[in-house]
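Student: Shown below is the structure under consideration.
Throughout, read-outs are computed from the coordinates displayed, never taken from laboratory work. From a predicted model like this one, the values you see are computed outputs, not experimental measurements. Reconstructed Cβ throughout: ideal geometry from the backbone, glycine too, with neighbour counts over all protein chains shown.
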Amino acid sequence: MALKLSVIGTGYLGATHAACMSSLGFEVIGFDTEVSKIELLSKGKVPFYEPGLEELLSEQIRSGRLSFTTNINDLADCDVHFICVGTPQVKGGNAADLTYVNSALESIAKLVKAGGLVVGKSTVPVGTATRLRSKLIELNPKADLAWNPEFLREGFAVEDTLKPNRLVVGVVSDSAEKILKEVYASNLKENTPWVRADLPTSELVKVAANSFLATKISFINAMAEICEAADGDVTVLAKAIGYDPRIGSRFLQAGIGFGGGCLPKDIRAFMARAEELGAKQAVEFLKEIDAINLRARQRIIELVRKDLSDNLQGKKVAILGAAFKPDSDDVRDSPALDIAVQIQAAGAIVTVHDPKAITNAQKRFPVLNFSTEINDTLKDAEIVLHLTEWKIYRDIDPVKVKSLVKNAIMIDGRNALDRQLWRSAGWKFRALGRSNNE
Ligand code: UDX
């Protein structure tokens, strides 16, 4: 008989995991304590923007295999329980807040069937899985716990879940691995690399991967600072070093840096945990990675001041992009919004455009002006900032929009626009890490 799965926590990770597992033929029940979220999901609606997810979710609900509940007791007949709750940064500190993970474990522990498996997918500080496993066995000696980190990217969540580039399973017992091999049988058939690890290593794989990615981005942004000082071009430099297969060209896009719900908080939580473990020095470089990342935001503001005026009071600034990256409506730690807020705080009149993230951005920063029309956003602007590289912004015709703005100055914070095109349309074009001489 096919395994029956539960997914505890239905955010980006959980909602996607539930829909994808159902699409593989499993019966899946998703649980969340937030009633409004479960109501929406039950109707086949996704409470956030993720390409392809809503279609998959509604199709799976119609198939009868996928359902959602706010009653934890409905999970009692499941064989495997995936914990997919959030682990945000604690208020006033760097560590991860484990409140949701702890309460998920406690609420499911006694309901797990004999031989059932709890599988953590949330990103947690190393040591958490071992602690949770002890707690689970204390409450329910016939249950087991494994850790199975998730590497999905927002914007590609469905694809990354169905076709992961590797599966990492932290297990103590062979029986736990056997159950997970049953869950991921279709991936194994397609030869997806399978890495069996102990619990701490499986937790570390996730934070190590995210730290590496953050380091790669901050490395290229540090090179951008040098290029600016030396009149070089970071986009050419990135292309050239990227041809070396040991380096690789991905994640070398210089600009205003990383944000979102994972990289910033994960590197901070890693530093906090390393310190607790007495291994602070080993990851102290991440402090610099964080600092380079945050500095990129200041460098953009400096460019604005240089091109407009030191005093931004009353200046009209148009900002293209609010999401932390394209194809997402997520504004958590969004570099674009942070820059918008800082420029507004300096006295400028800022209007922000985004194709998907305005509702979320407005909730977080109601003081900013928002527009759903690119042309309205650009109208009378004294400077334009391109801060999230949505495709629609690359499709803007610089000749057509020039008549809308007061000053034709474009600052490309993502190195994604065609400089030649904008310059030949008569725009002053500025970017991070490139010579800003005309
Ligand atoms: C990340 C990891 O990629 C994923 O494996 C993990 O599970 C969760 O965290 P995500 O937060 O969705 O995924 O975004 P990602 O695509 O990694 O981008 C993170 C940030 O880095 C974005 O703000 C993006 O704009 C920025 N970035 C990315 C750059 O500034 N330059 C690059 O070259 C790449």
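Student: Take every Cα pair under 8 Å in the chain that's 6+ residues apart, average their separations, divide by the length, and report that relative contact order as a whole percent.
Tutor: 12 percent
Student: Something else: Starting with the fewest neighbours, write out THR99, THR351, THR130 ranked by other beta-carbon atoms found within 10 Å of each beta-carbon.
Tutor: Fewest-to-most Cβ neighbours within 10 Å comes out as THR99, THR130, THR351.
Student: If the cut-off is 26 Å between C-alpha atoms, which lysines fall inside it for LYS402, apart from same-chain ones fewer than 8 positions away?
Tutor: Counting by Cα, and skipping residues close in sequence, LYS402 has these lysines nearby: LYS306, LYS315, LYS316, LYS325, LYS356, LYS379, LYS391, LYS428.
Student: Going by amide H atoms built from the backbone, whose H comes under 5 Å of the H on VAL405, apart from near neighbours?
Tutor: Placed amide hydrogens put ASP380 under 5 Å from VAL405.
Student: Tally the DSSP beta bridges in the chain and give the antiparallel ones as a percent, rounded to 5.
Tutor: 5 percent
Student: Could you work out, for the stretch 68-207, what percent of all Cα-Cα pairs fall into each 10 Å distance bin, beginning at 0 Å and stopping at the bin that holds the largest distance?
Tutor: Reading upward from the zero bin: 12, 42, 36, 10, 0.
Student: Next question. Would you please give the residues with an amide H less than 5 Å from that of LYS316, counting only those at least 5 places away or on a separate chain, with H modeled from the backbone geometry?
Tutor: Those lying under 5 Å, H to H, from LYS316 are ILE349, GLU382.
Student: Let me ask you something else. Ranked highest first by average number of other Cβ atoms within 10 Å, how do 266-277, 227-238 line up?
Tutor: Highest-to-lowest ranking by the protection proxy: 266-277, 227-238.
Student: Can you list residues whose amide H is under 5 Å from GLU27's amide H, if they're 5+ apart or on another chain and H is modeled 1.01 Å from N?
Tutor: Amide H neighbours of GLU27, under 5 Å, 5+ apart: LEU5.
Student: Report the equivalent ellipsoid semi-axes for the stretch 212-431 in whole Å, largest first, defined as the square roots of five times the eigenvalues of the gyration tensor built from alpha carbon atoms.
Tutor: Taking √(5λ) for each eigenvalue gives 30, 21, 16 Å, largest first.
Student: In debye, nearest 20: dipole of the chain around its Cα centre with unit charges on the Cβ of K, R (+) and D, E (-)?
Tutor: Using Cβ point charges on Lys, Arg, Asp and Glu, the chain gives about 340 debye.
Student: Additional query: As a footprinting exposure proxy, order SER23, SER6, SER173 by other Cβ within 10 Å, with the fewest listed first.
Tutor: Starting with the residue having the fewest Cβ neighbours, the order is SER173, SER23, SER6.
Student: Right, another one. Please report Rg (one decimal) and Dmax (integer) in Å for the Cα set of the chain.
Tutor: My reading of the Cα-based Rg and Dmax gives 23.5, 72 Å.
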